[in-house]
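Beneath this line is the structure, given in structure tokens, with notes to follow.
The values are calculated or read from the model by the stated rules, or taken from the named source; none is laboratory data. Since the structure is predicted, the reported quantities are computational estimates derived from the model, not experimental observations. A quick note on method: Cβ atoms are made from the backbone with ideal geometry, for glycine too, and the neighbour counts reach across all protein chains shown. These area figures cover heavy atoms from the full protein model, side chains too; ligands, DNA and RNA do not enter into them. Shrake-Rupley method; radii C 1.70, N 1.55, O 1.52, S 1.80 Å.
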Amino acid sequence: MATENMTSGEGELERELTGMLEIERFDPPAEFVARANLTDPAIYERAEADWQGWWASQAERLHWFRRWDQVLDDSNPPFYKWFVGGKLNVSYNCLDRHVEAGLGGRVAYHWHGEEGEEEEITYADLLARVKRFASALKELGIGKGDVVGIYMGMIPEVVVAMLACARIGAVHNVVFGGFSAESVRERMEFSQARALITVDGAARKGNVAAVKQQVDQHMGDLDHLEHIIVVRAKGTPCEMREGRDVWYHEIVEAADPECPPEEMDAEDPLYILYTSGSTAKPKGILHTTGGYLVGASSTHQNVFDLHADTDTYWCCADVGWVTGHTYIVYGPLANAATSIMYEGAPDYPHRGIWWELVQRYRATIFYTAPTAIRACIKWGPEHPGKFDLSSLRLLGTVGEPINPKAWLWYHKVIGGERCPIVDTWWQTETGSIMISPLPGITSTKPGSATRPLPGILAEVVDERDGTPIEEGQGLLVLKRPWPSMLRTLYKEDERFVETYFRRFGNETYLVGDAARRDKDGYFWVIGRIDDVVNVSGHRLSTAELESAIVACEAVAEAAVIGQSDELTGQAITAFVTLQGELDGSDEVESLVRAEVAERIGKFARPKRIIWADDLPKTRSGKIMRRLLRDIAEGRALGDVTTLRDPTVMAALEEKIRAEQASIEE
Ligand code: WTA
């Protein structure tokens, strides 16, 4: 945290927070408990005694066209099936049933645009829009099992598109708007998408990105992509290819306003979401209909202590990530919640915009990432200080470990010391929150996600043999299936088993994070154990970054590591060797950065590039990233004798010293 340049008020806050670091645990505030839905700790034991029964009770939260015959089929691990024989429709659960129950007039989203535009979308409005768009998709020939890509920003149509797919049984594949069109092409190709829903342009901090134009440059050669549906969001000029491209507003207007929901099997796919793994090829995480919605609805209700009739809930993630899928779209809608949806960035049009919106819509629940909190800390408490945040009653975080000081700042400056904080640990793969406090029950400790939710069995185990560690550090695993777990990697069953179940057998899910358990059994997630870097809560694979960098003509070889960073958690450092006699000039540096922006997205550009003459390799030619991490972070180097050429490290140390000296100049 920046301590210099602080005004005296900030100095005082800094001192207070430092003092608070001594506080080991925070009990749920009495005023919160008095109104909380769940206050009896026996819920954990009850769920533990009959965990399948617990999940069946959570499934009762939904509407089923046909009830399930069996809660869990575990006859073929790790390919589990939940709510076998059950039939339901996700859009029916998220919309129709609420409208039928008389809640049609309730606001589903207070949408707020980057330039201050506002739209109030009720459940009845959303249902009407979803039905029409679902009909339009059907008229284009899209149906059950077809994959449909979605590539747009935080506008209401993204929710309409997801639910319309769910209504007709099409499988959506959302690509985060910050990814490049090249990444979209790759994801459409892997999933053999038949249609892509996108926008003419997207707002980016006062500018408009010409999204459709970029898409056109990359999607031309995909034969399976029969339709591109374009939402006219910003009036950005673009070409429409005859026979392939259609305007969203035109097909919606011509469509049948009625569209009955498809009765889906509980195990039918709902969506694919690509995420980074250890290799360059992203993993297509596959989620299904019944189990996923049970997990989303149950955790959204319990972790956020939702009172749907009075709360205004705001998750400020992007729908392009799993947090947006589960906690902007499916969880809140399944629970008939009223949400805020904001199109823009936290610092546009000004650094207090989030807090202005909390005040404007009287938000009661606020869910964000530690990296955003750290940015707010850097901007200073005067920004939230200008607004009335007294409506807030619960705060949440997700995406990366939160450092205790950021936790305390959040608690004090945003939460006014009255709001419990739920630090929620989960992953794209888990579909919903796994480890988190229940805010009316669990005492919290700053920096710990506390304990697994009812029904979840998490453990920290010894990395050598998988024996459980009661107190101490090891690998985090989940030892029991749960409804919202991924079912496989799309079209890659073997990779699914290999990635998550090879290490400790088919009944132990390997999370990929290291964690520690303390004397009270609390979990402290430390970070990834694989070659995945977590930058501002965005998962990136080092292999994927390396292949983007070496695609640059000047580059011979690259090795990427995640380096700890005060603001973004981790930041990308690339060690790059160049072709022939080339030198690492500013020009080559911009070429490398541009290549990464083009192939992955701007957010993935390396923060630091170290030009190397050679990289440290073992005798079998494997790059030793551990050594690169040590050297980049200025730690003493361990054993280098296993290197093919031990002099490489000395040369690199020299480079880094020179880099340091030039920064200091
Ligand atoms: C990390 C985001 C510590 C972790 C929902 C995990 C966390 C990865 C937390 C998943 C947390 C997520 N504390 N670390 N509360 N939440 N992580 O798939 O390393 O984008 O494996 O899902 O983020 O990232 P993903």
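Worth pointing out:
- Qualifying residue in segment 87-108 (condition: more than 30 Å from ILE340 (Cα to Cα), open to solvent by 10 Å² or more (accessible area, probe 1.4 Å) and touching a residue at least 24 places away in the same chain (Cβ under 8 Å)): yes
- Residues located in segment 306-318, provided they are away from the ligand (no atom under 16 Å from the Cβ) and part of a strand (DSSP E or B): TYR313, TRP314
- Options LEU627, LEU637; residue that is within 25 Å of ASN534 (Cα to Cα), part of a helix (DSSP H, G or I) and in contact with a helix residue (DSSP H, G or I) (Cβ under 9 Å, 6 or more places away or on another chain): LEU627
- Exactly one residue out of THR428, THR397 is assigned to a strand (DSSP E or B) and within 8 Å of the ligand (Cβ to nearest atom): that is THR397.
- Note on segment 589-631: residues that are under 18 Å from THR577 (Cβ atoms), among the charged types (D, E, K, R) and crowded, with 17+ Cβ neighbours inside 10 Å amount to 4.
- Any chance PHE133 is at pLDDT 95 or above and either touching a Lys or Arg at 6+ places or on another chain (Cβ under 7 Å) or assigned to a helix (DSSP H, G or I) (or both): yes
- Filter result for the condition that a residue is part of a strand (DSSP E or B) and open to solvent by 20 Å² or more (accessible area, probe 1.4 Å), over ALA515, ALA556: ALA556
- Consider segment 273-305 and keep the residues that are closer than 27 Å to ARG67 by Cβ and β-branched (Val, Ile, Thr). The one that is farthest from the ligand (Cβ to nearest atom) is THR289.
- Residues of segment 322-359 that are among the aromatic types (Phe, Trp, Tyr) and either within 22 Å of ARG204 (Cβ to Cβ) or outside any helix (DSSP H, G or I) (or both): TYR342, TYR348, TRP354, TRP355.
- Conditions (1) modelled with pLDDT of 95 or more; (2) within 13 Å of the ligand (Cβ to nearest atom); (3) among the polar types (S, T, N, Q): number failed by THR371: (1)
- Check on PRO269, buried (at least 21 other Cβ atoms within 10 Å of the Cβ) and either over 30 Å from LYS491 (Cβ atoms) or within 12 Å of the ligand (Cβ to nearest atom) (or both): no
- For segment 319-346, the candidate set comprises residues that are within 17 Å of VAL303 (Cα to Cα) and more than 16 Å from the ligand (Cβ to nearest atom); within that set, the residue that is surrounded by the most Cβ atoms within 10 Å (Cβ to Cβ) is LEU333.
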